[in-house]
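**Q** Sharing a structure with you now.
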């Protein structure tokens with residue numbers, strides 16, 4: 001409901017999606033594998049994210065099937081007690097050969113990137129279609145979010161993908177109106193990591 005003057009409002013339909021990258025799970029060598037637990041810093045990040053979202057009323061929660069995303073989701077969901085839909089559709093995507101700034105990407109790699117980009121956008125649209133006028137939480141991964149943003153803004157242009165950095169435990173918020181137009185509200189918002197002092 002938007003105010004347009006004293007006592008007058010416009011009623012409109014909007015679906016809001018909270019895309020959350022998992023918290024930190026890198027080991028001391030900078031490696032992060034599928035079965036890694038959150039490290040101590042990641043546990044703090046997840047608690048900070050949970051505190052920030054404690055007042056939200058999520059209608060639906062989706063989560064990747066990778067452990068670091070699951071543990072982030074579980075921490076946030078302690079405030080909400082939602083039933084979570086776990087799906088590999090939200091797992092991390094891409095390889096080290098995917099587009100990087102200043103690096104020429106091989107044609108076959110670009111082909112893989114394009115197929116993945118279109119698949120993720122299709123998944124995103126399905127989630128929107130199934131959850132009209134709802135608040136949706138999606139616990140996923142950095143490349144998944146970068147691909148989606150590049151698809152929305154530039155039809156999946158790999159150079160656009162390379163421009164984005166999505167931080168651990170950050171929030172990317174997208175509103176979708178009833179015509180299907182995407183409004184990007186925040187990208188890689190990590191304000192909670194500064195707002196809330198949290199210890200484990």
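**Q** For the stretch 15-42, give me each residue that is in contact (Cβ under 8 Å) with a residue 24 or more places away in the chain and either surrounded by fewer than 11 Cβ atoms within 10 Å (Cβ to Cβ) or over 30 Å from residue 177 (Cβ atoms) (or both). So that I can check it myself, show each step before the final result.
**A** From the stretch 15-42, those in contact (Cβ under 8 Å) with a residue 24 or more places away in the chain are 15-25, 32, 34-38, 40, 42; that's our starting set.
Scanning the stretch 15-42 gives 23, 24, 25, 32, 34, 35, 36, 37, 38, 40, 42.
**Q** What is the one condition in (1) closer than 15 Å to residue 17 by Cα; (2) without any contact (Cβ under 8 Å) to a residue 60 or more places away in the chain that residue 177 does not satisfy?
**A** Unmet for residue 177, out of (1) closer than 15 Å to residue 17 by Cα; (2) without any contact (Cβ under 8 Å) to a residue 60 or more places away in the chain: (2).
Quick grid of which residues meet (1) closer than 21 Å to residue 193 by Cβ; (2) assigned to a helix (DSSP H, G or I); (3) at pLDDT below 95; (4) out of contact with any strand residue (DSSP E or B) (no Cβ under 9 Å at 6 or more places or on another chain):
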| residue | (1), (2), (3), (4) |
| --- | --- |
| 43 | yes, yes, no, yes |
| 50 | yes, yes, no, yes |
| 116 | no, yes, no, yes |
| 139 | yes, no, no, no |
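**Q** Moving on to the next point. Since residue 161 meets every condition but one in (1) farther than 21 Å from residue 46 by Cβ; (2) touching a residue at least 60 places away in the same chain (Cβ under 8 Å); (3) in a loop (DSSP other than H, G, I, E, B), which condition does it not meet?
**A** Evaluating residue 161 over (1) farther than 21 Å from residue 46 by Cβ; (2) touching a residue at least 60 places away in the same chain (Cβ under 8 Å); (3) in a loop (DSSP other than H, G, I, E, B) leaves (3) as the failure.
**Q** Taking the condition surrounded by 12 or more Cβ atoms within 10 Å (Cβ to Cβ) and under 23 Å from residue 13 (Cβ atoms), does residue 58 pass? First the steps, then the outcome.
**A** Numbers: surrounded by 12 or more Cβ atoms within 10 Å (Cβ to Cβ): yes; under 23 Å from residue 13 (Cβ atoms): yes.
When the stated conditions are applied, residue 58 passes them.
**Q** If you check residue 145 against the conditions, is it assigned to a helix (DSSP H, G or I), buried (at least 22 other Cβ atoms within 10 Å of the Cβ), in contact (Cβ under 8 Å) with a residue 12 or more places away in the chain and touching a strand residue (DSSP E or B) at 6+ places or on another chain (Cβ under 7 Å)? Spell out the reasoning first.
**A** Working: assigned to a helix (DSSP H, G or I): yes; buried (at least 22 other Cβ atoms within 10 Å of the Cβ): yes; in contact (Cβ under 8 Å) with a residue 12 or more places away in the chain: yes; touching a strand residue (DSSP E or B) at 6+ places or on another chain (Cβ under 7 Å): yes.
Taking the combined requirement at face value, the residue satisfies it.
**Q** Please tell me if residue 65 is assigned to a loop (DSSP other than H, G, I, E, B) and in contact with a helix residue (DSSP H, G or I) (Cβ under 7 Å, 6 or more places away or on another chain). If you could, list the steps in order and put the result at the bottom.
**A** Working: assigned to a loop (DSSP other than H, G, I, E, B): yes; in contact with a helix residue (DSSP H, G or I) (Cβ under 7 Å, 6 or more places away or on another chain): yes.
When the stated conditions are applied, residue 65 passes them.
The values are calculated or read from the model by the stated rules, or taken from the named source; none is laboratory data. These numbers were taken from a predicted model, which means no experiment stands behind them. Counting neighbours? That spans all protein chains shown, and the Cβs are built from the backbone with ideal geometry, glycine included.
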